[in-house]
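The values are calculated or read from the model by the stated rules, or taken from the named source; none is laboratory data. Nothing here was measured: the structure is a model prediction, and the numbers come from that model. Here the Cβ positions follow ideal geometry from the backbone for every residue, glycine too, while neighbour counts run over all protein chains shown.
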Amino acid sequence: MKDIQENLMDQVSEEQININIFREEAYERLAEIEESMLELENSPKDPDIIDRAFRALHTIKGSGAMFGFDEIVRFTHDIETVFDRVRSGDILVDEKLIALTLSAHDQIKLMLEDNKQSEPEDILKREELGTQFNELLLTANPSVETVPENTDNSIQPPPFKEPVEGDSSYRISFTPASDIFANGTNPILLLRELLDLGKCQIFTDVSHIPLLSEINPENCYISWDILLTTNQPKESIEDVFIFVDEIENKIKIENFEAIHPINEDENDTKKLGQILVERGDIEAEQLEIFIQQQEPIGKKLESAGLADRSKIKSALAEQNVVKQLKKNLRSAETVSSIRVPSIKLDKLVDLVGELVTGQARLTQVANANNDASLLSIAEEIERLTSELRDNTMSVRMLNFGTTFNKFKRLVRDLALNLGAEVILTTEGAETELDKNVIEKLNDPLVHIIRNSVDHGIEDPDVRLAAGKPREGSIHLSASYSGAHVLVSIRDDGAGLNANAIRKKAEEKGLIKPDSSISDKEIFSLIFEPGFSTAQVVTDVSGRGVGMDVVKQAIESLRGTVDIDSRKGQGTTITLKLPLTLAIIDGLLVSVGDGFFVIPLSAVEECIELTQEDIDQTHGRHITNVRGQLVPYINMRDEFHVVGEKPEIEQIVITEIDKHRVGFVVDHVIGQHQTVIKTLSKVYKNVDAVSGATIMADGTVALILDINKYFQTVEKEYAKTYS
């Protein structure tokens, strides 16, 4: 009985794992659908985008059927059918279809959520959407038969079947000698042999056939361009022409890998004109003349008589083959990756952290014993641990671009809701950040972008009157800055009203009416809890909840927020965030018997502090660093450390909010690879400390949150001397 129960539990566990895998894949496909819809708003006829949306829907439906998500299968079926008709040209992409698909995307997402019972309004919404998609199918135009080539003025590449992995593609140019028939050779039989080798596209050039009065029936005036995809070696192609003189008959066989950079991006595929020039069908100078005109290059070259129709179709087909090869290469690279639950990555990072601590203990023991053999081993382990740490951290890093698309949808929906005209542009999608940081960054960014759309961007008529474009712009960017990432949200709206903020702050008692503060300090007041200058409360904002949450969330990530605004020109909010929350490089210092870690990325330099220096400043907490006065915080006083202080103390100079601030410690021990451990909830209100780390000898060192530490001391100082 026990064995049966264990087997049943294993089956249930495996089934749940498979369902979780399906959910993860479905969320990724949903992101593709959302991204595709936003792209189709600008390019409604792009077949690649339409195909991507169709494949995502097909995958969700197929995988859902495997794992018992019948409701999703039924709901997705009609949407998939509609997009199949879009692919065939029966249904055109318009605003209605995009809006319906985005609504369907939201409903599928709801159905995927764990333990989520469908609400009656959700069920009704799905039924309405299903009806609307069916109406689109009823009004679809039937597919139009393909127009025969001799009546079609446009030049389209012929269809090409996808090559199988392991196949190679070749370009073959075959121009028979005029007397080839006299040698008993039939070119058609050679072409049939090529057809037997694999997927073959043959283009016939009849442009050199003379007038009937001038033709010699015993001569050959036709040539061929062949695109062959085969799993056979090049020698097999050469064997087809083994009894044909290559010089007289002009036979050229080229491997695609040699003439096309397959490893480059798909968008960098050679243009039609480039291919025609490379193959010798036209001259480069001729191409330059026609490339300036607005018509498609193929049609222009044909009209001018510079390239035959068959040559252009052949070049287009070759371009098509190259694009497909690049897509296959990219798909192969994607398949080589594996899906790993994030909890396993977190566990791996924890183990690496323990290994770092163990390595530090080994190094300490080796130094204490002064054993050359042990020191050599310790150095090797330290090198390997460092590499393992960096590689493990890189596994947890995600491209910031993974979050960009959701904000494009957010801006689109908000603009429609508010009747505004706003576009979101992005930059730095390749910037990488720890996945935990990205996850926790989502809500703050949503608050900031919502405020930018609602408060920042003016009405279209107001913008036109101010000489601005009718459409507002929000620019979201990410970039590296040392051991940090800067995330910037910039809008071209009205900017912050310093007078209105100051007036509201005076009403709430945050500042005194006669106080003299800078605009930057006034702008920082919007982060106070409950602060809002909105006159009307809307569904989007105006309740005084948001910016204080933003600041708290960013500070919990050991980051900072900076605001720069100019009236009438817009506002820029910059978030400065650490690359990772797991392991950092720190500067280890001691105060009395205690140890502290200051993040090394914020440290500028260390200087000495003597009693003579203190006397010269009459006890004030400032020091002169090469002609610049720098305030400092005495950690011995702040942490109430008892005992004799050393004759010469050390000041660690850091940068906080673009200001230099010093921290006075007893001794600077040196750089320390710090594994961050969270503190108990008992210490959640201790602002000065963000965590702790275990040193080589088992001693606990506190990690300073220098931003909050400075703010706390600053507030206490203001209370004391106000």
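Looking only at the range 478-518, residues that are touching a residue at least 40 places away in the same chain (Cβ under 8 Å), surrounded by 16 or more Cβ atoms within 10 Å (Cβ to Cβ) and of a type outside the set (S, T, N, Q) come to 14 in all. The strands (runs of 3 or more DSSP E) falling completely within the range 394-468 that include 3 or more residues that are closer than 18 Å to ASN42 by Cβ and modelled with pLDDT of 85 or more map to 422-427.
SER63: touching a Ser or Thr at 6+ places or on another chain (Cβ under 7 Å) and over 23 Å from LEU410 (Cα atoms), yes or no? First the steps, then the outcome.
Working: touching a Ser or Thr at 6+ places or on another chain (Cβ under 7 Å): no; over 23 Å from LEU410 (Cα atoms): yes.
Against the criterion (touching a Ser or Thr at 6+ places or on another chain (Cβ under 7 Å) and over 23 Å from LEU410 (Cα atoms)), SER63 does not qualify.
Going through ALA104, ALA99 one at a time, which residue ends up being touching a Leu at 6+ places or on another chain (Cβ under 6 Å) and within 17 Å of LEU30 (Cα to Cα)? Testing whether each residue is touching a Leu at 6+ places or on another chain (Cβ under 6 Å) and within 17 Å of LEU30 (Cα to Cα) leaves just ALA104.
For the range 68-113, a residue qualifies if it is in a loop (DSSP other than H, G, I, E, B) and surrounded by 16 or more Cβ atoms within 10 Å (Cβ to Cβ), and the qualifying residues are PHE69, ASP90, ILE91, VAL93.
Among the residues making up the range 648-657, a single one is part of a loop (DSSP other than H, G, I, E, B) and at pLDDT 90 or above: ILE648.
Would you point out the residue of the range 338-355, among those that are in a helix (DSSP H, G or I) and under 20 Å from GLU24 (Cβ atoms), that is modelled with the lowest pLDDT? Don't jump to the end; show me each part of the working.
Our first condition is that a residue be in a helix (DSSP H, G or I); within the range 338-355, this holds for 342-355.
Checking the rest, the ones that are also under 20 Å from GLU24 (Cβ atoms) come to 342-349.
Numbers: SER342: 75, ILE343: 80, LYS344: 82, LEU345: 81, ASP346: 80, LYS347: 85, LEU348: 86, VAL349: 83.
In this case the residue turns out to be SER342.
Here is the figure for the range 425-449: residues that are within 18 Å of THR572 (Cα to Cα) and surrounded by 17 or more Cβ atoms within 10 Å (Cβ to Cβ) total 8. Against the list (1) touching a helix residue (DSSP H, G or I) at 6+ places or on another chain (Cβ under 7 Å); (2) surrounded by fewer than 17 Cβ atoms within 10 Å (Cβ to Cβ), the condition ASP205 fails is (2).
If we scan the range 379-390, do we find a residue that is of a type in the set (A, V, I, L, M) and in the same structural domain as ILE573 (by TED's automatic domain parsing)?
Checked the range 379-390: no residue is of a type in the set (A, V, I, L, M) and in the same structural domain as ILE573 (by TED's automatic domain parsing).
Summed over the range 669-712, the residues that are crowded, with 18+ Cβ neighbours inside 10 Å and not charged (D, E, K, R) give a count of 20.
Annotation note: Cβ proximity below 7 Å between a residue of the range 105-119 that is in the same structural domain as GLU24 (by TED's automatic domain parsing) and on the phi < 0 side of the Ramachandran plot and a residue that is assigned to a loop (DSSP other than H, G, I, E, B) and modelled with pLDDT under 75 (sequence gap 6+ or interchain) occurs for LEU110/LYS116.
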